[in-house]
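The values are calculated or read from the model by the stated rules, or taken from the named source; none is laboratory data. No experiment lies behind these values; they were computed from the predicted model shown. Here the Cβ positions follow ideal geometry from the backbone for every residue, glycine too, while neighbour counts run over all protein chains shown. These area figures cover heavy atoms from the full protein model, side chains too; ligands, DNA and RNA do not enter into them. Shrake-Rupley method; radii C 1.70, N 1.55, O 1.52, S 1.80 Å.
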Amino acid sequence: MQADLLIHADWVLPVDASDSTLASHSLAVVDGRIAALLPRAQAEAQIDAAKTLELPGHALIPGLVNAHTHSPMSLLRGLADDLPLMTWLHEHIWPAEGRWVDQEFVADGTRLALLEMLRGGITCFNDMYFHAEVTARVCAEAGMRVLAGMIVVDFPTRYADNADEYLRRGLELHEHYRDHPLVRPAFAPHSTYAVSEAPLTRVRTLADELEVQVHIHLHETRDEVQQVLRAHGERPIARLDRLGLLGPQLVAVHMTQLEDGEIARLADTGTQVVHCPESNLKLASGFCPVQDLLAAGVNVALGTDGAASNNDLNLFGEMRTAALLAKGVAGSANAVPAEQALRMATWNGAKALGLEDTIGSLEVGKAADIVAVDLGDPHTQPLYHPGSQLVYAAGSHQVRHVWIRGRQVLRDGAPLTLDPLAIIEAARQWGARIAEV
Ligand SMILES: [Zn+2]
């Protein structure tokens, strides 16, 4: 076989059906896809590659999928910390966004987020923010895979005046990117407290028609659930159920407040859940019952949320926190073992985003979205179980190489499609302007 690239690694964790760890294997890439994954000796005998890479001491894993974030909010990182969700949103984040968020803010914020995410092995993210057309363009330029959120809220911003205009702008984005290999549009109505029933109903109709995901914050805090219950006489999840929105296309983020009947309903409908453990902890939002959801058969992915409520975009940290927190919440050390946490950050993320046929595992035929992690650092030695080490001990700084669709975007820790000095200088300037007020 002729290959464009052949990577020899000490370990490969393909996150396929078997949760296997393959020692001394090789992965071949042809035309942006994984063409072979086989023992090194066989690869050397069978594959003639244009380029070969030796990675002793490294593990190859699928590109990590950040299933919920607001990438441009990286420019608001650390602006307002140690506050509960509604105070944080109403008194700090929404006013700052009202004043500062324009296309330039979104471009610079997205680039800062991409730099951080690529260096940490994230190759795909699910975004919700204003000016998604700018985020989409920046991702396309950088070779990053993204679900660009067609945001909808009821209130006016500099981006749009009302729900109809948000939807119209979203549909323009969809039209532009419908066949793009890396950018896929998705509806992103913010929440049931920020979007009223008529636009939610339109989102459902349009999402069915265009076959795109619907990305929403749901049951993030007890306050949110109580507020919607008081205003509409039903819990947010019941409201979405009545409007026909539960199902495999719905990507429900946070889900810290769930009753048993609701978990069963999520499982019955195939609704996707995104767990954001560090954001939930920082805003004291509550605990997502991850173990109960997984046991019921619900697909649970992992997200960082925006950098203003985390405060980093680091899925290695999120995997570790998710694995530890699940044990505390479930009262069981068996809850979310290391391999499960890695699966949540890869395959489950791909499934939540409707991309499980394209990414999420290192299997022949899938896109070559690949991350090489150097496990030679002192804190990841000795190495009994690579999966355990990746989740419980490794850090994002150990990511050495990243490919997306076969294109290398990070080499020896250095980004190939982004300019770090310019990005950090732009962030510094935004910080100085925003802090002046
Ligand atoms: Zn969020």
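Computed quantities for the displayed model
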item	result
Selected residue (only one of E91, E165 is open to solvent by 30 Å² or more (accessible area, probe 1.4 Å), assigned to a helix (DSSP H, G or I), of a type outside the set (G, A, S) and modelled with pLDDT of 95 or more)	E165
Which listed residue, of L294, L258, L324, L313, is within 16 Å of the ligand (Cβ to nearest atom) and either part of a loop (DSSP other than H, G, I, E, B) or open to solvent by 10 Å² or more (accessible area, probe 1.4 Å) (or both)	L313
In the stretch 61-76, the residues that are within 12 Å of the ligand (Cβ to nearest atom) and in a strand (DSSP E or B)	N66, A67, H68, T69
Residue in the stretch 222-242 that is open to solvent by 10 Å² or more (accessible area, probe 1.4 Å), within 16 Å of the ligand (Cβ to nearest atom) and polar (S, T, N, Q) present	no
Top-ranked residue of the stretch 223-258 - restricted to ones that are in contact (Cβ under 8 Å) with a residue 24 or more places away in the chain and acidic (D, E), ranked as farthest from P199 (Cα to Cα)	D223
Answer residue from the stretch 124-139, given it is out of contact with any Pro (no Cβ under 9 Å at 6 or more places or on another chain) and away from the ligand (no atom under 16 Å from the Cβ) and is farthest from A368 (Cα to Cα) among those	E133
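Condition check ((1) assigned to a loop (DSSP other than H, G, I, E, B); (2) out of contact with any Ser or Thr (no Cβ under 9 Å at 6 or more places or on another chain)) across all residues:
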position: A107; (1), (2): no, no
position: L114; (1), (2): no, no
position: V134; (1), (2): no, no
position: Y159; (1), (2): yes, yes
position: D179; (1), (2): yes, yes
position: R202; (1), (2): no, yes
position: A207; (1), (2): no, yes
